[in-house]
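The values are calculated or read from the model by the stated rules, or taken from the named source; none is laboratory data. Note that this is a predicted model, so its numbers are computed, not measured. Glycine gets a Cβ as well: all are built from the backbone with ideal geometry, and neighbour counts include every protein chain shown. All accessible areas refer to the heavy atoms of the entire protein, side chains included, with ligands and DNA or RNA removed. Shrake-Rupley method; radii C 1.70, N 1.55, O 1.52, S 1.80 Å.
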Amino acid sequence: MKIIYVLALLISLQMSSVGAETLPANQPDKEMFIAHLLGEMTLEEKVGQLTMSYDTEHAKKPELFRLISAGQTGAIIGTLSRAAGRELQDVAVQHTRLKIPLFFGFDVIHGYRTIFPIDLGLAASWDVDAIATSARIAAQEASADGVDMTFAPMVDISRDPRWGRVAESFGEDTYLVSRIAEVVVSAFQGPLPIASDRIMACVKHFALYGAVEGGRDYNSVDMSPVQMYQNYLPPFQAAFGAGADSVMIALNSINGVPATSNVWLLQEVLRREWRFNGMTLGDFGGISQLVDHGVAANRREASGEAIRAGLDMSLGDPFYGVELEGLVKSGETSQTQIDNAVRNVLATKYDMGLFDDPYRRLGRASEDPSEIDAESRLHRSQARDVARKTLVLLKNKDKLLPLKKHGTIALIGPLAKNPVDMLGSWSARGVASQVVTVYDGLATALGNQGSLLYAQGANVTDSTEVIDYLGDALVIDPRPETAMIDEAVKAAAQADVVVAVLGESKGMSGEAASRTSLDLPGRQSQLLTALKATGKPLVLVLMNGRPLSVGAEQDQADAVLETWFSGTEGGNAIADVLFGDYNPSGKLPITFPRSVGQIPSYYNHLNTGRPFVPGHSRTFSSLYYDQLDGPLYPFGYGLSYTDFSLSDVTLSTTALSRDGALDASVRVKNTGQRDGATVVQLYIQQVLGSISRPVKELKGFQKIRLKAGEEKTVHFTVDEDSLKFYNAELKYVAEPGAFNLQIGLDSQYVKQRSFQLL
Ligand code: BGC
């Protein structure tokens, strides 16, 4: 009887509240609906909702069906197709007592079928519309294959390029990452994540994962509260503000307490301070790892600690399912704690529209694509357009670039013709055979007007340790290194210009891919030296997932273009820029240090008591005496094929009142011969504060496009809020006094004016 009642209730509530895709979830109905459903559930059924299980394609599939039909799993990660998802959903909604639908999660990070540039590259566009396009298309493609939730955006502030996951990040700056987080969440979800062509964003990794000691993945984090609040936590608040209603909890510990069981983080900060009422999802194996962290004796204790801290759903370990019932029965975990977690999981399903239609994104069999990887399912033109906006021109001596589309080009390098690496880490359902390599892109652009020679020149690594670690992800040419270099030099000697595509393979950055060195791996540097010796004009195209310390290579190359891992259409996008069909406009979202020893090298550091001031004595200053001070390329840096000039800054007032606003403006002129785009960046420094304040902080940016000769005034508004920071008592305040306001086209070369906050 009861079951029939619940089902009737489900139907009536759903009909009235979520009938159409566009209807917003009506809160009272939602709460009533979930309360009734919760009231019908046994403890076992509740616990079952709190596990996300892995969809293993083969041997363990029957086990997955068993788990679902026994009501022991609430969600699935990794299902490959909508047909496969439907099979699983059928079990949940046909063979379980309450017919609660599953949801399907997946790592849709920078594209799904069409792969866009890695996130670090997307951030380099500083183009929020382009980034939104990439996320919207990713959502369309993923939802069309049955995905309901993505474990993205990753908003970890990443200041240490040794950490492989900088590739997945939007870089080092809190303001930039926060703005991108908002845009990506909105693009994934739309106004509400209920529409069938949108997916829910699960923002990650909460929190501070980007600050693992030494950049070594999964390492511990030790951080002052001011640093957390000021720099590492705001992007999460931004993502929640934009509507993200689920969050993945980091695997690292924070000042000794793992995030997974961190009551302060999950309750004080997340729920009480920020009033987050969505779902918390553990990262892969997070609960069992509490044993390895040494804070739980066994998996039973680990499960108890995690649920008491407020971890709603576990991912990648089955211990909630095994332990929670016993913990409730023994009184170690309360029924309320379980109910709270289940409520959050059910609310997530409700918000995704799954109670209304469990097949919302899985669709009907009759509508399945006949070919899952069909070319027609890709969004190539958007991928090409976005990718070219992410490329950063780092050097262009004597305007070697753009190249002419005739003559002979020698294309050299282990990454020049390699479709797998172009995809970068977390490439979802991207298919390597659909990738346009640099070779393909240049060959198409040249047509029969010029000729293209190719030689690999070197392997991407010659280290047996790296080869063993990366395994099959690397294709190693067994020829002797000297033979490969000789072949490349021969090709270069016959060419008018040499384009060397060097960097990292896809597996060299990403999760579990931390490095102790930022050098070009293997013999690639020697290859470049040999190419330079031919005397031919030399273009270095970098492909990598982190800043590399390429000072020596920069000196050898006449031009350097940073291309990250640029995705399905990367080769066409790179060709567009190399030949000048697109004028590069990317800017670095992360500092490139001169060497690994300079880390940390982020731009918004404190001044210290003994800062090094160029032109003054170096002795007893805060610097490394064996290297030039400052970065190889600063945050915000990137060149264009045209030139831009910046006027002095005009301020509407130099005395800003608390309720007022200050307008800061500059005239930007395209003084070159080509149309182009650039990013005008606003930085502010609080000169004197109750605690030491950064030398500058990004507070605004605008990407503008100017025709050759065109001039435009760019305005920024500064108010009290722009000047707020967390003081020693963690109060968010703006202190009166002097501020330096700087506007520039990168973080280093800026025009400055000062003003006072009254
Ligand atoms: C990663 C997460 C990812 C999860 C699921 C974990 O190892 O840390 O970022 O979302 O796996 O694939």
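Listed here are the residues, each with its yes/no results for (1) touching a Ser or Thr at 6+ places or on another chain (Cβ under 9 Å); (2) open to solvent by 50 Å² or more (accessible area, probe 1.4 Å); (3) away from the ligand (no atom under 16 Å from the Cβ); (4) at pLDDT below 95.
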residue: GLN27; (1), (2), (3), (4): no, yes, yes, yes
residue: ILE34; (1), (2), (3), (4): no, no, yes, no
residue: ILE68; (1), (2), (3), (4): yes, no, yes, no
residue: GLN72; (1), (2), (3), (4): yes, yes, yes, no
residue: SER81; (1), (2), (3), (4): no, no, yes, yes
residue: ILE100; (1), (2), (3), (4): no, no, yes, no
residue: PRO117; (1), (2), (3), (4): yes, no, yes, no
residue: ALA124; (1), (2), (3), (4): yes, no, yes, no
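Determine if segment 379-402 includes at least one residue that is open to solvent by 40 Å² or more (accessible area, probe 1.4 Å) and farther than 30 Å from LEU502 by Cα.
The answer is no, given that none of the residues of segment 379-402 is open to solvent by 40 Å² or more (accessible area, probe 1.4 Å) and farther than 30 Å from LEU502 by Cα.
Return the residues of segment 741-758 that are buried (at least 19 other Cβ atoms within 10 Å of the Cβ) and among the aliphatic types (A, V, I, L, M); say none if nothing qualifies.
LEU741, ILE743, LEU745, VAL750, LEU757
Could you tell me which of the residues ALA201, ALA167 is assigned to a strand (DSSP E or B), within 14 Å of the ligand (Cβ to nearest atom) and touching a helix residue (DSSP H, G or I) at 6+ places or on another chain (Cβ under 7 Å)?
On the way: ALA167 fails: assigned to a strand (DSSP E or B).
Checking each option against the conditions leaves just ALA201.
Quick one: LEU688 ticks every box in (1) farther than 23 Å from LEU176 by Cβ; (2) touching a helix residue (DSSP H, G or I) at 6+ places or on another chain (Cβ under 6 Å) except a single one, so which number is it?
(2)
Taking the stated definitions as given, is VAL184 crowded, with 21+ Cβ neighbours inside 10 Å, out of contact with any strand residue (DSSP E or B) (no Cβ under 8 Å at 6 or more places or on another chain) and under 20 Å from PHE276 (Cβ atoms)?
No, not satisfied.
Of the residues LEU354, LEU311, LEU327, LEU315, only one is away from the ligand (no atom under 16 Å from the Cβ), assigned by TED's automatic domain parsing to the domain that holds ASN255 and under 31 Å from the mean Cα position of the chain (by Cα); which?
Values: LEU311 fails: away from the ligand (no atom under 16 Å from the Cβ); LEU327 fails: under 31 Å from the mean Cα position of the chain (by Cα); LEU315 fails: away from the ligand (no atom under 16 Å from the Cβ).
Answer to the selection: LEU354.
Which one is nearest to the ligand (Cβ to nearest atom) among residues in segment 236-250 that are under 15 Å from TYR218 (Cα atoms) and in contact with a helix residue (DSSP H, G or I) (Cβ under 6 Å, 6 or more places away or on another chain)?
Of everything passing the filter in segment 236-250, ALA250 is nearest to the ligand (Cβ to nearest atom).
Can you tell which of ILE137, ILE157 is more than 14 Å from the ligand (Cβ to nearest atom), surrounded by fewer than 24 Cβ atoms within 10 Å (Cβ to Cβ) and among the hydrophobic types (A, V, I, L, M, F, W, C)?
ILE137
Here's a check for you: in segment 175-198, which residue that is charged (D, E, K, R) and over 25 Å from ILE590 (Cα atoms) is nearest to the ligand (Cβ to nearest atom)?
Per the criteria, the residue is ARG198.
Filter segment 255-286 down to the residues that are open to solvent by less than 50 Å² (accessible area, probe 1.4 Å), touching a strand residue (DSSP E or B) at 6+ places or on another chain (Cβ under 6 Å) and within 16 Å of the ligand (Cβ to nearest atom) and list them by number.
ALA259, THR260, MET279, THR280, LEU281, GLY282, ASP283
Can we say ALA239 is among the aliphatic types (A, V, I, L, M), buried (at least 24 other Cβ atoms within 10 Å of the Cβ) and within 23 Å of PHE188 (Cβ to Cβ)?
It is true that ALA239 is among the aliphatic types (A, V, I, L, M), buried (at least 24 other Cβ atoms within 10 Å of the Cβ) and within 23 Å of PHE188 (Cβ to Cβ).
Can you find, within segment 140-153, the residue that is farthest from the ligand (Cβ to nearest atom) among those that are of a type in the set (D, E, K, R) and assigned to a loop (DSSP other than H, G, I, E, B)?
ASP145
Is it the case, given these coordinates, that GLU172 is away from the ligand (no atom under 16 Å from the Cβ) and surrounded by 24 or more Cβ atoms within 10 Å (Cβ to Cβ)?
Values: away from the ligand (no atom under 16 Å from the Cβ): yes; surrounded by 24 or more Cβ atoms within 10 Å (Cβ to Cβ): yes.
Against the criterion (away from the ligand (no atom under 16 Å from the Cβ) and surrounded by 24 or more Cβ atoms within 10 Å (Cβ to Cβ)), GLU172 qualifies.
If you scan segment 187-212, which residues turn out to be in contact with a strand residue (DSSP E or B) (Cβ under 9 Å, 6 or more places away or on another chain) and hydroxyl-bearing (Ser, Thr, Tyr)?
TYR209
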